[in-house]
Amino acid sequence: MTTAQSDESGMQPMILHTRPTLDMNDELFFDFCRTNREWRIERTADGEVQIMPPTGWETGTYNSRLTAFVTMWALQEGTGVATDSSTGFTLPNGAIRSPDVAWVKRSRLVTLTPGQKQRFLPLCPDFVIELRSASDHLRTLQNKMQEYVDNGAQLGWLFDAPNRRVYVYRPGKAVECLENPATILGGPELPGLEIDVAKIWTSDF
């Protein structure tokens, strides 16, 4: 096991090397995550197990607000389902990720069996949000966002809380960086979704 490495941009996840001693398939990895519920665990496409530290309280409030915005929109819009940061997805490249917020079209969910819905969904979300805190390594999250797009996400937002920036990811397009935007819109991929970014950053506590 290697410890997290820090630099001026934040900290890397702790990496647990299991191969070739233990090569966990998807079922074993799911059971491993359930056994260690106090950890937030992901797996890279290369099979490395990544353990993320828990977020601080301030970051937790930001994430709660983002989840609330997307969930309320999803309930009203009706064509998809939103999930929070505890939900895992098995991407086409084999990685298992848990974005801070995700949204999946119902037309894709109906093709899954009840058993599949009880475990990590075997697909990449249509829309993902990752939230960076001061303890997160920016490059690591940028690479993760690109991985989502490469595996089928149609839209991704990376909220960089320390710098008040939002990076927008779309397949086949250059990454767009929004400097301290007041709002961000989901169209044309997610018509009607509007997030009041100022309310995300506001520290009213």
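Restricted to segment 155-185, and to residues there that are among the small types (Gly, Ala, Ser) and more than 15 Å from Glu130 (Cα to Cα), the residue that is surrounded by the fewest Cβ atoms within 10 Å (Cβ to Cβ) is Gly172.
Just a yes or no: is a residue in segment 57-80 loosely packed, with under 15 Cβ neighbours inside 10 Å, at pLDDT 85 or above, part of a loop (DSSP other than H, G, I, E, B) and in contact with a strand residue (DSSP E or B) (Cβ under 8 Å, 6 or more places away or on another chain)? There is at least one residue in segment 57-80 that is loosely packed, with under 15 Cβ neighbours inside 10 Å, at pLDDT 85 or above, part of a loop (DSSP other than H, G, I, E, B) and in contact with a strand residue (DSSP E or B) (Cβ under 8 Å, 6 or more places away or on another chain). Looking only at residues of segment 192-205 that are under 20 Å from Val104 (Cα atoms) and either modelled with pLDDT under 95 or in contact with an Asp or Glu (Cβ under 8 Å, 6 or more places away or on another chain) (or both), we find that the one that is surrounded by the fewest Cβ atoms within 10 Å (Cβ to Cβ) is Gly192. Per the conditions (1) touching a residue at least 40 places away in the same chain (Cβ under 8 Å); (2) more than 16 Å from Thr140 (Cβ to Cβ), the sole criterion not satisfied by Phe32 is (1). Each residue in segment 123-138 was checked for being without any contact (Cβ under 8 Å) to a residue 60 or more places away in the chain and either assigned to a loop (DSSP other than H, G, I, E, B) or of a type in the set (Gly, Ala, Ser) (or both), and 3 pass. Here Gly172 clears all of (1) at negative phi; (2) more than 18 Å from the chain's Cα centre (by Cα); (3) not in a helix (DSSP H, G or I) except the condition numbered (1).
The numbered conditions (1) outside any strand (DSSP E or B); (2) free of Cβ contacts under 8 Å to residues at least 40 places away in the same chain; (3) under 11 Å from the mean Cα position of the chain (by Cα); (4) farther than 14 Å from Arg40 by Cβ are all true for Asn143 except (3). Residue selection: Gly94 satisfies the criterion of being touching a residue at least 12 places away in the same chain (Cβ under 8 Å) and on the phi > 0 side of the Ramachandran plot. Residues that are assigned to a loop (DSSP other than H, G, I, E, B) and within 23 Å of Asp23 (Cα to Cα) within segment 87-99 comprise Thr87, Gly88, Leu91, Pro92, Asn93, Gly94, Ala95, Ser98, listed in sequence order. Quick check on segment 146-169: of everything there that is in a loop (DSSP other than H, G, I, E, B) and touching a Cys at 6+ places or on another chain (Cβ under 9 Å), which residue is nearest to Leu75 (Cα to Cα)? Here the answer is Ala153.
Do you know which of the residues in segment 96-134 that are under 17 Å from Met145 (Cα atoms) and modelled with pLDDT under 95 is surrounded by the most Cβ atoms within 10 Å (Cβ to Cβ)? Here the answer is Arg132. For Asn63, the test of being out of contact with any Ser or Thr (no Cβ under 8 Å at 6 or more places or on another chain), within 27 Å of Asn143 (Cβ to Cβ) and of a type outside the set (Val, Ile, Thr) is failed.
The values are calculated or read from the model by the stated rules, or taken from the named source; none is laboratory data. Since the model is a prediction, treat every value here as computed from it, not as a measurement. For neighbour counting, all protein chains shown are included, and Cβ atoms are generated from backbone atoms with ideal geometry for every residue, glycine included.
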